[in-house]
Amino acid sequence: MCDILFLVASYGTGHIKVALALQSAILSLNPNVNTKIVDFIELVDPYLNEISQWVFMMMLRYYPSLWGRFFKRTENISMDSFRHNFLNIIGSEKLIDLLRKEKPRVIVCTYPIQVGVLSRLKRLGIIDTPVVSVVTDIAVHSFWLHPYVDLYIVANNMAREILISKGVPAYKVRDTGIPIEPKFSEPIDNIDRAFDILGLKKGIPVVSAMMGGYGLESKLIEITDVLMKLDFSFQGVIVAGKNEKLRRSLSEKVRGKDNIKVFGYIEYNKELLGVSDVFVTKAGAVTISEALAMEAPMILYGVIPGHEEENAQFLLDNNVALIAYNPLELKEKIELLLINKNLVEKMKSIAKRIKKPNSAIDGAKLILNLCQF
């Protein structure tokens, strides 16, 4: 049995990271709360989970425009349309069995498919447990919208207004920010140690690059090529994520370039962002939220069509990031940020204003309020 059940999905790492951030924040506020994280698609069918993850990653890697077209065509469909609700029956029986076993006081979802399934079960009177939908992008896609959700946690006031304009009651929507680990609410207390654990030297600019937990191969290769051509005195950090083959390949590529380091998946992302003078990334919502919290000057590169385009547009509209569309532009933008200290300070100032480093704690308080202990 558990008090708070998190339902996640393994498409990328962001949805799980959001659940882990909220779980950590909840336990810091109330260590006696029993929480559990369950991969919803894995619960429905482990084989389906494995295949669908592979298809999703192949689509993003080789046919990202296909995902972008699907996102745009379904972004504003009606909540009562078939296209909006055709997945709402998936895994219902296994989910009901899980809920009967765990008897949660609150269910928190960080992926939209399970939100629809739960909303249908509530409409049919099968369950009455409060459902929290944590929208894990700045953009609010229609698949997140369901009439029996009790609370929406969203990135900012813009997302809140979008939900309200689509008929969601204002009292159900709170713009606490996309939940990131509570550690991002505090500055780095020992900057020397941050440099040490990354094997970097103080006093030399750091250019880092991260493309999500799985690392998009082609873009990280392009970024690495750009860094190898920079004439500036700098230190480069490339994070390949869970793609071990890519990590080995990039490590071999930079052999002899002692100023460029290649890592796999890292836990010390706070330290990396804290020492970065330039941070190159795609527009994954969790990563950019962490970068904003650390006020790291960002260059967006390899933005995935659809949800990430809208995330990127928010940053660009607020002048808190630059964007590059090809290696030549990327080289120019990196050099610009290494030279133009006034621009960097302006970006840091804006980040300080719009960041939400306490997002997980604020979201955790809302979730605990629904538990009714």
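The values are calculated or read from the model by the stated rules, or taken from the named source; none is laboratory data. This structure is a prediction, so every number in the text was calculated from the model and none was measured. All Cβ positions, even for glycine, are placed from backbone atoms using ideal geometry, and neighbour counts span all protein chains on display.
Restricting attention to the range 163-216, the residues being under 28 Å from SER24 (Cβ atoms), within 25 Å of the chain's Cα centre (by Cα) and part of a loop (DSSP other than H, G, I, E, B) number 19.
No other residue among VAL135, VAL168 is touching a Leu at 6+ places or on another chain (Cβ under 9 Å) and within 20 Å of PRO357 (Cα to Cα) apart from VAL135.
Each residue in the range 325-373 was checked for being outside any helix (DSSP H, G or I), within 20 Å of the chain's Cα centre (by Cα) and under 19 Å from LYS282 (Cα atoms), and 1 pass. The residue list GLY241, GLY274, GLY256, GLY236 contains one member that is surrounded by 18 or more Cβ atoms within 10 Å (Cβ to Cβ) and in a loop (DSSP other than H, G, I, E, B), which is GLY241. Exactly one residue out of SER119, SER133 is surrounded by fewer than 24 Cβ atoms within 10 Å (Cβ to Cβ) and in contact (Cβ under 8 Å) with a residue 12 or more places away in the chain: that is SER119. When the residues of the range 8-51 are filtered to those that are closer than 20 Å to MET210 by Cβ, at pLDDT below 90 and not polar (S, T, N, Q), the one that is surrounded by the most Cβ atoms within 10 Å (Cβ to Cβ) is HIS15. Checking LEU198, LEU250 one by one, the residue that is more than 24 Å from PRO64 (Cβ to Cβ) and surrounded by 18 or more Cβ atoms within 10 Å (Cβ to Cβ) is LEU198 and no other. Residue under question is LYS219, and the condition is that it be among the charged types (D, E, K, R), exposed (fewer than 14 other Cβ atoms within 10 Å of the Cβ) and within 24 Å of the chain's Cα centre (by Cα); does it hold? It is false that LYS219 is among the charged types (D, E, K, R), exposed (fewer than 14 other Cβ atoms within 10 Å of the Cβ) and within 24 Å of the chain's Cα centre (by Cα). Just one residue in the set ILE350, ILE299, ILE334 is surrounded by fewer than 19 Cβ atoms within 10 Å (Cβ to Cβ), more than 30 Å from ASN30 (Cα to Cα) and modelled with pLDDT of 95 or more; that residue is ILE350.
A Cβ distance below 6 Å, combined with a sequence gap of six or more or placement on separate chains, defines the contacts here; from the range 137-161, residues that are more than 20 Å from ALA19 (Cβ to Cβ) and assigned to a loop (DSSP other than H, G, I, E, B) reach residues that are at pLDDT 90 or above and of a type in the set (Ser, Thr, Tyr) in the pairs TYR148/SER119. Exactly one residue out of PRO130, PRO104, PRO112 is modelled with pLDDT under 90 and closer than 14 Å to LEU7 by Cβ, and it is PRO112.
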